[in-house]
Structure formats: C-alpha cells, structure tokens
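All remarks here apply to the structure that follows.
The values are calculated or read from the model by the stated rules, or taken from the named source; none is laboratory data. Treat the numbers as computed from the prediction; the structure is a model and nothing was measured. Here the Cβ positions follow ideal geometry from the backbone for every residue, glycine too, while neighbour counts run over all protein chains shown. For accessibility, only protein heavy atoms count, side chains too; no ligands or nucleic acids. Shrake-Rupley method; radii C 1.70, N 1.55, O 1.52, S 1.80 Å.
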Amino acid sequence: MSEVVHEFTTTVPRWQPYVVPVDLETASAEQREAMQVTPSNKGISPYVLTLAHDPESLAVRSPLFNLIMYGKDGLSLGERELGATAASIVNRCVYCAAVHSSRFINYTKRTDVIDAIFQDGLDAELEEHLGAVFDFAARLSPTPPQASQEDAQALADVGLSDLECLDLVLSSAIFGWANRLMHTLGEPVRD
C-alpha cells in the first residue's frame, strides 16, 4: 500500500500518475520524438511518460523548461532552484519541493537554507540575498500574485541584474504551472 506524502523533505518521493502513462515500447513516433529532450536528460520519468499523451505540447515544454532552469546566463542555477522551491512550497507540491530543494543543496552545498525553509516555511529568515530571492519567488507564486514593486526593488538592492530578475520570474512561474499540472495528473507517494 502506498502512502500519499504531505510533508516537505529533500527525500524525493515517487510520483504516481492518476492516468496510465504512455508505454515506451508502444509509443508513437511523435511521442518518442517529444520524449527525446527530458528536463534532467537522465531518463524518461513517469511524469514525462504521462505528458507524452500530448506529444505536441511536450515537444515545446521540455526545451522551454531546460532553457529556463539550466540556462547559462543570468541567475545562478542554485538561485533558480530556490525560486522553484519557493513556488513549490506555496503551491504545496511536495514532489517538486523535494526535487528542487535537493538540487539547490547540490549546487550550493547550503543545507542550512533548506533546513530553515522546511522548518519555518515562508517565514524562514535567510541571509539578505537568498532571502530576497526566496521571498520574491514566494510572493510571485500565489494566485493572484502578491509580488510588489518593493519586492522587485529588494532584488535590485541585493545586486540582481534585470536578466537575473527575469530568470527568477521565469523559474518561479514555470513552477506555478508545473506544480498545478503535477497535482492534476498524479500525487507523490511513499511505498
């Protein structure tokens, strides 16, 4: 029996789709082509196999996701992951919060930041730079967004360039969409 996971942790749960994913062995040529560029380039996850039911959308989604999350210019990879983590916490997406908090730690070696966030949530007190990044992403993520001009100014005040600010908006926004999509298509479980 599987247990639905509700708490935030860096231990990535298994994501279980509500619909039967595409079978890689019987996938159409269009589905196989759409699955060629996966977000992590590490394999084809059940999530991607589920998205492959709509290969036209998947063929656009994966390259866009890769450019936003793994771009070489602008915001650091760790800060992009912090933005994705903030969005995932606001949206209560346990799976994405685990994946992206783990990646933040991998890039930055800063377990203390994620420990504070998981302990205190949106009230976590972080150093000024990371706090501005986290707070902006968290305020951008509810519907409707709560990010203000003052929040944007806080990013400039800690030295983020216009491109870095845009990268933070993009990494947070794509997770507003991705979190909702994951919630609609499946749930995180622990076996």
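Check whether at least one residue in the range 88-103 is touching a Leu at 6+ places or on another chain (Cβ under 9 Å) and outside any helix (DSSP H, G or I), and report yes or no.
No, every residue in the range 88-103 fails to be touching a Leu at 6+ places or on another chain (Cβ under 9 Å) and outside any helix (DSSP H, G or I).
For the subset of the range 100-121 comprising residues that are hydrophobic (A, V, I, L, M, F, W, C) and open to solvent by 20 Å² or more (accessible area, probe 1.4 Å), which member is farthest from residue 146 (Cα to Cα)?
105
Can you name the residue in the range 7-29 that is of a type in the set (Phe, Trp, Tyr) and part of a loop (DSSP other than H, G, I, E, B) and, of all such residues, is surrounded by the fewest Cβ atoms within 10 Å (Cβ to Cβ)?
Ranking the qualifying residues of the range 7-29, first place goes to 18.
Can you confirm whether residue 166 is under 16 Å from residue 79 (Cβ atoms), in contact with a Leu (Cβ under 9 Å, 6 or more places away or on another chain) and surrounded by fewer than 20 Cβ atoms within 10 Å (Cβ to Cβ)?
Yes, satisfied.
Would you confirm, using the coordinates I've provided, whether residue 191 is out of contact with any Phe, Trp or Tyr (no Cβ under 7 Å at 6 or more places or on another chain), modelled with pLDDT of 95 or more and open to solvent by 60 Å² or more (accessible area, probe 1.4 Å)?
When the stated conditions are applied, residue 191 does not pass them.
What residue, among those in the range 48-74 that are hydroxyl-bearing (Ser, Thr, Tyr) and open to solvent by 20 Å² or more (accessible area, probe 1.4 Å), is nearest to residue 165 (Cα to Cα)?
70
Restricting to the range 75-87, name every residue that is assigned to a helix (DSSP H, G or I) and open to solvent by less than 10 Å² (accessible area, probe 1.4 Å).
If the condition is that a residue be assigned to a helix (DSSP H, G or I) and open to solvent by less than 10 Å² (accessible area, probe 1.4 Å), then 78, 80, 81, 82, 83, 84, 85, 86, 87 are the ones that fit.
May I ask you to list pairs of residues, at least six apart or on different chains, whose Cβ atoms are under 8 Å apart, with the first in the range 145-173 being in contact (Cβ under 8 Å) with a residue 40 or more places away in the chain and the second being assigned to a loop (DSSP other than H, G, I, E, B) and not hydrophobic (A, V, I, L, M, F, W, C)?
161/74; 163/73; 163/74; 164/74; 166/74; 167/71; 167/74; 172/141
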